1. A:Asp76 fails exactly one of the following numbered conditions: (1) more than 25 Å from B:Gln159 (Cα to Cα); (2) away from every other protein chain (no Cβ under 14 Å); (3) touching a strand residue (DSSP E or B) at 6+ places or on another chain (Cβ under 6 Å). What is the number of that condition?
2. Quick one: which of B:Val106, B:Val102, B:Val161 is within 13 Å of chain A (Cβ to nearest Cβ) and surrounded by fewer than 16 Cβ atoms within 10 Å (Cβ to Cβ)?
3. What number of residues within segment B:218-235 are under 15 Å from A:Gly234 (Cα atoms), open to solvent by 50 Å² or more (accessible area, probe 1.4 Å) and out of contact with any Phe, Trp or Tyr (no Cβ under 9 Å at 6 or more places or on another chain)?
4. For segment B:37-63, which residues satisfy the criterion of being of a type in the set (Gly, Ala, Ser), at the interface with chain A (Cβ under 10 Å from one of its Cβ atoms) and under 16 Å from A:Ala158 (Cβ atoms)?
5. Has segment A:138-151 got at least one residue that is under 27 Å from B:Val67 (Cα atoms), modelled with pLDDT of 90 or more and among the small types (Gly, Ala, Ser)?
6. Of the conditions (1) out of contact with any helix residue (DSSP H, G or I) (no Cβ under 9 Å at 6 or more places or on another chain); (2) open to solvent by less than 20 Å² (accessible area, probe 1.4 Å), B:Asn37 fails just one. Which one is it?
7. Which members of segment A:193-225 meet the condition of being acidic (Asp, Glu), within 23 Å of the chain's Cα centre (by Cα) and farther than 24 Å from A:Ala80 by Cα?
8. Mind checking which residues of segment B:116-135 are over 26 Å from B:Ala32 (Cβ atoms) and not in a helix (DSSP H, G or I)?
Number of protein chains: 2
Amino acid sequence: MVDDRQDMPGGEGGPAVILVEPQLGENIGTAARAMANFGLTDLRLVTPRDGWPNERARAAASGADHVIDGVTVFDDLAAAIGDLSFVYATSARSRDMPKDVVGPGVAAERLRQRHGSGEATGILFGRERWGLTNEEIALADEIVTFPVNPDFASLNIAQAVLLMSYEWMSAGLDGALPTRFGLTRRDDPPASKADLIGLMEHLESALDEAGYFKPDHKRTALKHNLRAILQRAGFAEPEVKVLRGVVASLERRHERKGRND
Amino acid sequence: MVDDRQDMPGGEGGPAVILVEPQLGENIGTAARAMANFGLTDLRLVTPRDGWPNERARAAASGADHVIDGVTVFDDLAAAIGDLSFVYATSARSRDMPKDVVGPGVAAERLRQRHGSGEATGILFGRERWGLTNEEIALADEIVTFPVNPDFASLNIAQAVLLMSYEWMSAGLDGALPTRFGLTRRDDPPASKADLIGLMEHLESALDEAGYFKPDHKRTALKHNLRAILQRAGFAEPEVKVLRGVVASLERRHERKGRND
């Protein structure tokens, strides 16, 4: 899928831009225009308020028709990022989450590196009014935030998309990419988000039955923490398979017990 | 004049933004908003088509009232830049002019340098439809151009102002984010090998009871593979604690089951 998109007029593929529940067609269109300016083409929408297609979006895109025509719409965020293996969440606020928080320049370099080694990547942008939920951010690998003036922090989605698209383009012009992040520690392909979310949900369901998420008021925090740990581990695809087997085995444990007793 | 503005809410002064014959109030307002986000406050207009003040500009500024209130209007470009000593012209097209042409990042660094040594600086942005005339560009010291996709180059004024304002802010940070956001890396201490091995052994014993390491001749290979996965994940100390809890919970699962059945 990503390979197809490398042949699109916008250029060389690059990260998917995922807008979560965008309200205004104008913002979708302006985001598409910003992307096209910097060679990005893969725009994904999670339940846009006014449905899709949206004529206001097309008008605001000012001719970035190849981006508008290529838009894909999803019912939930997990589906929208299912085929990606490394995702940034944009956030204006500092979140109390155990994830790396970087600026747009560093984020773009890291995206370039991963893109260069064949990973499918993406950047999440939240709702106009209140951004992304903590649960949505928990699905991302790292957080990117913008170095805005603390006394007047008011970037809209389209502006945030513009800055990330611009940094993506800029990072590609620097010639050799810095090696200081040293990402690929092995040759296995990284797990897709769909696989990783599958592991999370499997483990959560097993833990649920085991009463791990008690008391109830701690449930969400415990879940986020666990997801963050699994996220950060940066598992490869075959590793996730093994871990699914581990969880399944521990799930079945009581059945064997029962049988043997 | 520039010194006064250093005390304004927007921050530290910085280059003036000069819009030459802007047509749409929305663009003026969006430019003001972009400036405010990155600490710029000195917005100058050369013969705006719809006069000044402009309510559409104020509305589009989304609260950047200090920038809108501080706008100064001029009859011609020469007057607008009269008090400045170093000026960039933005241009989408490459111009056949004997001037340095640089990207936004380099431009921002040069502006910072001059600003730091007390120079009053500015950045010119042209008309929506056709930019700046060669005569206007001749008044500038250097040209800044944006690294846009040649197949789709369609930045509007407000987007260009946003990128330059962003680069101005970034150049002042040397890669760091403003302190209110903090560059929070994961600073948990890495797990000790003892902790990690404790986790491995705990998981292995649970899996052993579950019959995971069957058939026997695969036992060693399965174990090594699992250990390698846990090793590579590079867990931090508190993460290992959480994972111990996860394993313990799944171990106790059958007991709860038994108790409840």
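1. Here A:Asp76 clears every test but (3).
2. Criteria check complete, one pass: B:Val106.
3. Count: 1.
4. B:Ala61, B:Ser62
5. no
6. The number of the failed condition is (1).
7. The answer is none; no residue qualifies.
8. Result: B:Ser117, single match.
The values are calculated or read from the model by the stated rules, or taken from the named source; none is laboratory data. Everything quoted here is computed from the prediction, not taken from an experiment. Counting neighbours? That spans all protein chains shown, and the Cβs are built from the backbone with ideal geometry, glycine included. Ligands, DNA and RNA are stripped out before the accessible areas are found, and what is left, the full protein with its side chains, is counted by its heavy atoms. Shrake-Rupley method; radii C 1.70, N 1.55, O 1.52, S 1.80 Å.
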